[in-house]
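As structure tokens, the structure follows; a few thoughts come after it.
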Ligand code: C2O
């Protein structure tokens, strides 16, 4: 076990000077104490189909995919969800108001990805632990990418456009009229893994250093809970002007940032508790997100980490004062223009590796529609390569691992709020929906009857916010609390009562977006001692202006099969 001092120590390259929290838990003050930025916070499948698929892939040997014959690949493609890369169209992000061309140079030929033969995996370092030589290589590599002409698919400008194209609906799904979207569903982790993988290969190639590895922003641990200093020097190729001026180091990161500054001396502690909560989810659907089938449109099926802190960090880094509010990181079309984006996503990717190993069994989706989904990306030789989700499951097979650093959130679970409500004295009324979220909403919600003892083993109790309609052009945010009947000011991410959060990173879509949000509450009901209660109080708290742009259609608690 690492000592507390080693966890809290900072390398000369880090900007986070973090003091251990010294305030006893019972003396800790209310959180919803918003302050201006000026204040520092230092403080489907038939059985037959399945058999055939198993034959194709070899059970448990996904690595064998690359050895499929061309005919087999074509057969496997019958089920896959892939972007129609030959028909890329300009996107029109609402915030920009005009069309933007994020399409790659015309693709003439697509080669199938074959995993590389890598004798020793590259080690992606934590940004704050990088050696001067590693920093110099990273700066040089990014600079070389920035100097390539924009129409070179390996250029930094083009790499940024890759994200824009895949994230702002430049592609339709192959053989479908639906958009191909890699956010808010289970393509999120594999897409960003594949994207970073080719980004890294391009850097290795330009630097002529096969061992070069991109760093990760270790935001899940105290030394990484602020903007990494090496990215903030204006003279560096890692710098981006479009970042929140108030969030420069040593300003501490709030992993549930919703757009308002919160003065919170305990933020590091609660960031760890929130990480523990988000990483403790059991199922692939909860962690990776929901599997989208071809022909199905965008809906919210985000996994835990994508929702938070991934989305929150995008908003936290982006500049609210940029010509277009929130550029670069705060919008999907522009996020890839910030070199910090790649370090942010390397840590998101690292979270996938950690989650996979938190149990002694395979944890990823086994749905062939997911495994056969694919992306097309350019490699270091300017060749367009199709890589499948099944080829992205194991980072070691792709030739890299992450530097081993302490993971303090593993031992920092969520805690009860200071004010505990086992049974609420004055029960809030059960209110009618729909409701506009211009201010807090509290309502009693019926819990489902458990039909059989097996239900408690095979099913999860899930809180569902139905028909949530929101304006996708705004950085909206709200939190969902359980068993809180009062104003709930002392409840925050990292408390057991805190069920989940919703953060919208503005998209290309301009029409109101309608979705339903599912939060698994099985464990929280037990931890709060509510198993015997027929109803529970649910509170929804909008955290930024714009709550009037969110409509909640209904709310219920249901049992869902554990997938
Ligand atoms: Cu494609 Cu962090 O988003």
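Things worth noting here:
- For segment 297-404, the strands (runs of 3 or more DSSP E) that sit wholly inside it and include 2 or more residues that are buried (at least 24 other Cβ atoms within 10 Å of the Cβ) and more than 15 Å from the ligand (Cβ to nearest atom) are 384-388.
- Hey, residue 366 outside the structural domain of residue 169 (by TED's automatic domain parsing) and more than 23 Å from residue 118 (Cα to Cα) or not: no
- Residue 102 being modelled with pLDDT under 95 and outside any helix (DSSP H, G or I): yes
- Test result for residue 162, in contact with a strand residue (DSSP E or B) (Cβ under 8 Å, 6 or more places away or on another chain), part of a helix (DSSP H, G or I), within 16 Å of the ligand (Cβ to nearest atom) and in the same structural domain as residue 382 (by TED's automatic domain parsing): yes
- Selection status of residue 249, within 30 Å of residue 116 (Cβ to Cβ), over 15 Å from the mean Cα position of the chain (by Cα) and not in a helix (DSSP H, G or I): no
- Of all residues in segment 257-296 being in contact with a helix residue (DSSP H, G or I) (Cβ under 6 Å, 6 or more places away or on another chain) and assigned to a loop (DSSP other than H, G, I, E, B), the one that is surrounded by the fewest Cβ atoms within 10 Å (Cβ to Cβ): 293
- A single member of 123, 127 is at pLDDT 95 or above and in contact with a helix residue (DSSP H, G or I) (Cβ under 6 Å, 6 or more places away or on another chain), and it is 127.
- Any hit, segment 434-442, residues being within 21 Å of residue 124 (Cα to Cα) and either crowded, with 16+ Cβ neighbours inside 10 Å or touching a helix residue (DSSP H, G or I) at 6+ places or on another chain (Cβ under 8 Å) (or both): no
- Positions within segment 461-479 being crowded, with 20+ Cβ neighbours inside 10 Å and not in a loop (DSSP other than H, G, I, E, B), in sequence order: 461, 463, 465, 468, 470, 477, 478, 479
- Filtered by the rule that a residue be over 16 Å from residue 301 (Cβ atoms) and either in a strand (DSSP E or B) or in contact with a strand residue (DSSP E or B) (Cβ under 9 Å, 6 or more places away or on another chain) (or both), segment 488-508 gives 488, 491, 492, 493, 494, 495, 496, 497, 498, 499, 508.
- You will find that of 202, 214, the residue that is away from the ligand (no atom under 16 Å from the Cβ), in contact with a helix residue (DSSP H, G or I) (Cβ under 8 Å, 6 or more places away or on another chain) and under 30 Å from residue 406 (Cα atoms) is 202 and no other.
- Counting residues in segment 181-189 that are within 16 Å of the ligand (Cβ to nearest atom) and assigned to a helix (DSSP H, G or I) gives one or more.
- Among the candidates 240, 220, 264, residue that is in the same structural domain as residue 125 (by TED's automatic domain parsing) and under 16 Å from residue 311 (Cα atoms): 220
- Only residues that are outside any strand (DSSP E or B) and either crowded, with 20+ Cβ neighbours inside 10 Å or touching a helix residue (DSSP H, G or I) at 6+ places or on another chain (Cβ under 7 Å) (or both) were counted across segment 448-460, and they come to 1.
- Residue match in segment 526-538 (condition: farther than 23 Å from residue 417 by Cα and part of a strand (DSSP E or B)): no
The values are calculated or read from the model by the stated rules, or taken from the named source; none is laboratory data. Keep in mind that this is a model prediction, so the values were computed, not measured. Cβ sites come from the backbone with ideal geometry, for glycine too, and all protein chains shown count toward neighbours.
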